[in-house]
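Accompanying notes for the structure given below.
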Amino acid sequence: MKTKLILLAGLLCCNLLFTQTFSDSTSLLNYTSFYAPCVLDMNGDDLDDVVTFVSSGGIDMRIDYQQPDGTFSGQYFNINLPDAPSWSIAGGDLTGNGYNDLILGDGNSVTFVKANDTGTGYTHQQMVG
């Protein structure tokens, strides 16, 4: 019994050594959005970029590209989505061109946002269900 207690105490102490901290760095972004964001590498530079959506008549996409020094450089894409991603957003290379695409979910549909072959433009296709 004593051995088990010592082992448990040792494991708990080791767990404290490996805790992670969180620093709110939202101020590094140039824009924040009400809609669901997504963090993934959108331009193939192995840095995490932040994708958000902006309501400006239609729903447009903004990507804040992470720079090597940790700052962000934003770019808008006028893609005029019919619905905002109110429920969920996920990303991955759906088309196999080496650039990440997005899947957006809302209450009535799923929208696929696909990168072009150079990763510099995007088109969308909505599937209403």
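Below is a table of values for the structure above.
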read-out: Calculated from backbone phi, Karplus (6.51, -1.76, 1.60) coupling profile of region 48-63 in Hz, x at Gly/Pro; value: 6, 9, 10, 9, 10, 10, 10, 8, 9, x, x, 9, 10, 9, 10, 10
read-out: Kirkwood Rh in Å, taken over region 30-128 so that all alpha-carbon pairs contribute; value: 13.5
read-out: ILE59 long-range amide H proximity, modeled H, under 5 Å; value: ASN80, LEU81
read-out: Note, ³J(HN,Hα) from phi for region 67-72, Karplus 6.51, -1.76, 1.60, rounded to Hz, x at Gly and Pro; value: 9, x, 8, x, 7, 10
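None of the figures in this text is laboratory data; all of them are computed from the coordinates on show. Please read all numbers here as calculations on a predicted model, not as lab measurements.
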